[in-house]
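Peer 1: Before I ask anything, here is the structure I am working with.
The values are calculated or read from the model by the stated rules, or taken from the named source; none is laboratory data. The structure presented is a predicted model; accordingly, all values stated were derived computationally and were not measured. Cβ: placed from backbone, ideal geometry, glycine included. Neighbour counts: every protein chain shown. Note: areas computed on protein heavy atoms with side chains; ligands, DNA, RNA excluded. Shrake-Rupley method; radii C 1.70, N 1.55, O 1.52, S 1.80 Å.
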Amino acid sequence: MALRQEKRMLLKMEILDSTLRDGEQTSGVSFLPHEKLAIARALLSEVRVDRIEVASARVSEGEKDAVKMICRYARQKGRLESIEVLGFCDGHKSVDWIADCGGKVINLLSKGSLKHCTFQLKKTPEEHFAGIIDEATYAREKGLAVNLYLEDWSNGMKDSPEYVYNMLDTLVPTGLVSRFMLPDTLGILNPKNSSLFFTDILSRYPGVHFDFHPHNDYNLAVANSFTAALCGVSGLHVTVNGLGERCGNAPLPSVQVILRDHLGIATNIDESKLKMVSHMVESYSGIAVASNEPIIGDNVFTQVAGVHADGDNKGGLYINALTPERFGRKREYALGKNSGKANILKNLEELGLELTPEQTLKVTKRITELGDKKEIVTQEDLPYIVSDVLKHDMPEDRVKLISYMASTAYGLKPMAAVRLEVDGQVYEEQRSGDGMYDAFMRCIRHIYKDRLGVSFPRLTNYTVSIPPGGRTDALVQTVISWELRDGKIIRTRALDADQTDAAIKATIKMLNSL
């Protein structure tokens, strides 16, 4: 076993990215020429994929401009042979189009199943094979390398394998084709039958370069890529963010990590650039990446449960080979109702904040309260929470808000009902106002002025903000300035997910500080 694994480690997989061709078949996605160039540059020069498929021939003048720009850039970088364009058996028109763009590689589309050949082309296999040879011969005369797609190959192997073998028996000896590319066009393969098909093909044609081009209709594109690599194919096709028609293609990051971590197969991919190119394609395509998408999702390196953070502190118990540092990222510890003290300590450590155990407990309790409201708390919010909890930390609250209700309705003035405890005595009041907070304040003023005979400070300023770096659906910070009878100004602030709640909490803090 050790010998076999060592032998695998010597293998290297060629990666073709088809984001700019197959990925653009995603519904609603269309890249502008300058966007295609930017993505091509990122894939070639930063991510370092081996090959990119950038367009289909003869689509539009805009597409032609994009291919010309990409070929010009690739020529300057010595990577022109890495640029591939899909072409067709169309009387040499595709070949001429690609050559006019400055391209050097055509990915010629053929039919990899008898049904496609018979019903779509309405040709005999012999007629189709002859057409492929004619097109490939012309391409070679024009200085183009030829790769051959066997469209619907997976169904061909399932329903008409003799047709597939006949095609390969005819074309392999000609030496016209550099790579034979085997698509699972409708995403119908699974690891069991794909293993049989790849093993059969590779044993019949030793030394021939075969690529695998998977689709994800059954969510098996990555699994089938794993099987293809295990069987010994020479190249795998991927797209950034798994873009592609219907359910998409195999995503580049997932294929990369299974090759490296599970099969010990090397590639040229720079893993630290995967997140960057994902963001770029997400921006240009308008197709959002799920937060739990492996490797590139926003949350995939975030530990939520406090027990996980605790385990990481005690020997990396919840860390696998997919370390965030590999991908130019860092591990984060979520703040919320499941955080626990360990998550809080991790975040405080990251920010360079030191609290006593008692203070940490109070901060943890406050974050848990916010989490119970299903609010997201970011690390940037944490200093504000700490300040909110500790700055107005009184030995004992003399004024306690037992309960309140505030409501508003169309055509009616907002109403508030309040139960307030002052020095152990409970007071109830309800009032209407110009807003929910105004109605609340009228209740409080009435209790203090009319029931307690105590003067009430004048509200002089009221500001609302989102903590820098925070999220709009998480915390709101309310800061209120109050003027006392002697002219002294005091300010209280509070954080909450709801603006009115934050203002009310700031008001109670003011009453306790008097």
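Peer 1: Just to confirm, what accessible area per residue do you get for the chain at 1.4 Å probe, in whole Å²?
Peer 2: The answer is 47 Å² per residue.
Peer 1: Name the long-range amide H neighbours of residue 26: under 5 Å, sequence gap of 5 or more, or other chain; modelled H, no Pro or chain starts.
Peer 2: Excluding prolines and chain starts, which carry no amide H, the hits are 244, 245.
Peer 1: Which sequence of 428, 24 reflects their accessible areas, 1.4 Å probe, from the largest down? It would help to have the intermediate numbers written out before the result.
Peer 2: Details: 428 105, 24 35 Å².
The most accessible residue leads, giving 428, 24.
Peer 1: Work out the count of Lys pairs in region 113-165 where the Cα-Cα distance is under 22 Å, with the pair 8 or more places apart or on different chains.
Peer 2: Close lysine pairs found across region 113-165: 4.
Peer 1: Determine the calculated [θ] at 222 nm for the chain from helices alone, applying -39500 (n - 2.57) to every DSSP H run no shorter than 4 residues and normalising by the residue count; nearest 500 deg cm²/dmol.
Peer 2: Only helices count here, giving -11500 deg cm²/dmol.
Peer 1: With a ≥ b ≥ c the root eigenvalues of the C-alpha gyration tensor of region 1-155, is it rounded (a/c under 1.5), prolate (a/b larger than b/c) or oblate?
Peer 2: Oblate.
Peer 1: If I fit a long axis through the Cα atoms of helix 274-285 and take the longest principal axis of the Cα atoms of the chain, what angle between them do I get, 0 to 90°, rounded to 10?
Peer 2: 90 degrees
Peer 1: Could you list which residues have their amide H under 5 Å from that of residue 181, counting only those 5 or more apart in sequence or on another chain, with H placed in the peptide plane?
Peer 2: 148, 149, 150, 211
Peer 1: Just to be sure I follow: if Rg is taken over the C-alpha atoms of the chain and Rh is the Kirkwood radius over the same atoms, what is Rg/Rh? Spell out each step's value before the answer.
Peer 2: Working: Rg = 32.5 Å, Rh = 27.6 Å.
With Rh from the inverse mean 1/r over Cα pairs, Rg/Rh is 1.18.
Peer 1: So how do 178-185, 53-60, 482-489 stack up, highest first, on mean other-Cβ count within 10 Å?
Peer 2: 178-185, 53-60, 482-489
Peer 1: Quick one: grab the alpha carbon gyration tensor of region 187-279, order the square roots of its eigenvalues as a ≥ b ≥ c, and give me rounded if a/c is under 1.5, else prolate or oblate depending on whether a/b is larger than b/c.
Peer 2: Numbers: a/c = 2.14, a/b = 1.37, b/c = 1.56.
Oblate.
Peer 1: Same structure again: For 510, 436, write out the residues from largest to smallest accessible area, computed with a 1.4 angstrom probe and no ligands counted.
Peer 2: Ranking 510, 436 by accessible area, largest first, yields 436, 510.
Peer 1: Another question, if that's okay. Once the Cα atoms of helix 357-372 and of the chain are each reduced to a long axis, what angle between those two axes, in degrees from 0 to 90 to the nearest 10, is obtained?
Peer 2: Once rounded, one gets 70 degrees.
Peer 1: While we're looking at this one, here's another question. So if I place +1 on the C-beta of Lys and Arg and -1 on the C-beta of Asp and Glu, and nothing else carries charge, what would the dipole magnitude of the chain be about its Cα centre? I want it in debye, nearest 20.
Peer 2: 960 debye
Peer 1: Taking the Cα centroid of region 109-155 and of region 478-512, what is the distance between the two, rounded to the nearest whole Å?
Peer 2: 76 Å
Peer 1: Helix 436-445 versus the longest principal axis of the chain: what is the Cα-based angle in degrees, 0 to 90, to the nearest 10?
Peer 2: 20 degrees
Peer 1: How would you rank 188-194, 404-410, highest first, on the average number of other Cβ atoms within 10 Å across their residues?
Peer 2: Working: 188-194: 17.4, 404-410: 12.9.
Order by mean packing, descending: 188-194, 404-410.
Peer 1: Calculate what fraction, in whole %, of the accessible area of the chain sits on carbon and sulfur atoms when a 1.4 Å probe is rolled over the protein chains. Walk me through the intermediate numbers first.
Peer 2: On the way: 12210 of 24140 Å².
On the chain, the fraction of accessible area on carbon and sulfur atoms equals 51 percent.
Peer 1: Determine how large the accessible area of residue 106 is when every protein chain is in place; take a 1.4 Å probe and give Å² rounded to the nearest 10.
Peer 2: Residue 106 has an accessible surface of roughly 0 Å² with all protein chains in place.
Peer 1: How high is the relative contact order of the chain, in percent, counting Cα pairs under 8 Å that sit 6 or more residues apart?
Peer 2: Here the relative contact order equals 10 percent.
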